[in-house]
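Structure first, commentary second.
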Protein chains: 2
Amino acid sequence: MFSNSSKYAIKAVLYLSLHSSESRKVMVKDISNPINVPQAYIAKLLQELVKEGVVSSTRGPKGGFFMNEHNNNEKVIRILDIIDGEKKLTNCMLSLESCNEDKPCPLHAILGPSRQNILKVLNENSIVDLALSVRKGTAFLPL
Amino acid sequence: MFSNSSKYAIKAVLYLSLHSSESRKVMVKDISNPINVPQAYIAKLLQELVKEGVVSSTRGPKGGFFMNEHNNNEKVIRILDIIDGEKKLTNCMLSLESCNEDKPCPLHAILGPSRQNILKVLNENSIVDLALSVRKGTAFLPL
DNA sequence: AAAATAATATGATAAAAATCATTTTGGGCT
DNA sequence: AGCCCAAAATGATTTTTATCATATTATTTT
């Protein structure tokens, strides 16, 4: 469904959303361990996310990664778009050039609606929304 | 969403469902071209499908691949299970061991239902169903 | 200004997926 | 029986994804 990298990225962002703030930055080594992802790997992913404005960071002593208001309000789909590429979730399920809503391939025909729904949900839910569901106890970690 | 291999496999099976029968077998080279997949590659995939009873074949002169009644009535999901592995579509979207229906991870919580729906559709629709949709003109190729 | 710290950039290695090529086996034909 | 055809089996290569390691740059503290 999603790539390993995307899963890692989501876990990291979720962790930051729950445990960081402008005044409470967290270093890679303190992220990689709790979310169970190799440090060098998650570092690289985080950098991409920072570049795209989904995560914030400052370097030097007392530096680290964190989520500010703006970051927290980004939609979940942005992470997937950045890490896996935008088309991953939208292009034809048989990779047919000519497949579209009007002339769908057989697979598109039967599971187009489900896919649309996934897209919708990912476009509507922001990162805080997920974090909040954990805080409220409707969703669970550990990462 | 699906792996390249799965897409290829579905295309091949669909092609066979539309163009073959017990009395009209078709050779790999005559499949690979129309579905636009390298011959050696699709040959390998077809062999796996034959082994699992989703496709039929006979070798020697006048031999080739084909779909019989039984093959045509297999559900689409079987192809995915065989090529990508059963868990690909069912396991946690964050790869968390402890994620399940009762204690879902945040992602599971928001797009579990969509996924369930995809599973349902793939479990209900058989290969002929897809072929039929093409014959009736509600779905379209070319592959 | 220098030293220490932590992200950033770059790139090397490893593992998995996709692609390609060769040999072997079984079934029909003469 | 021997020959030919086409799938089956095996495995080599290439590409992509995942993982790891090192050097560089920015910031803070002394």
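Since every read-out is calculated from the coordinates, none of them should be taken as a lab result. Everything numeric in this text was worked out from a predicted model, so none of it was measured. Positions of Cβ are generated from backbone atoms using ideal geometry, with glycine treated the same way; all protein chains shown enter the neighbour counts.
Structure values in brief
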{"quantity": "More than 20 angstrom apart: percent of Cα pairs within region B:46-143", "calculated": "53 percent"}
{"quantity": "Pairs of alpha carbons in region A:2-77 whose separation is greater than 17 Å (percent)", "calculated": "34 percent"}
{"quantity": "Distance in nm between pseudo-label sites at A:Ser3 and A:Asn33 (7 Å out along the Cβ direction from Cα)", "calculated": "2.9 nm"}
{"quantity": "Separation of alpha-carbon centers, region B:1-20 and region B:29-45, rounded to whole Å", "calculated": "10 Å"}
{"quantity": "Between 0 and 90°, nearest 10: helix A:106-124 axis offset from chain A longest Cα axis", "calculated": "30 degrees"}
{"quantity": "Of the trypsin sites (Lys or Arg not before Pro) in region A:45-132, those whose Cβ has at most 13 other Cβ within 10 Å and which sit in DSSP loop", "calculated": "A:Arg59, A:Lys62"}
{"quantity": "At 1.567 mPa s and 4 °C, Stokes D of region B:85-129 from Kirkwood alpha-carbon radius, µm² per second", "calculated": "113 µm²/s"}
{"quantity": "Span per principal axis, largest first, for the Cα atoms of region B:67-106 (Å)", "calculated": "43, 18, 12"}
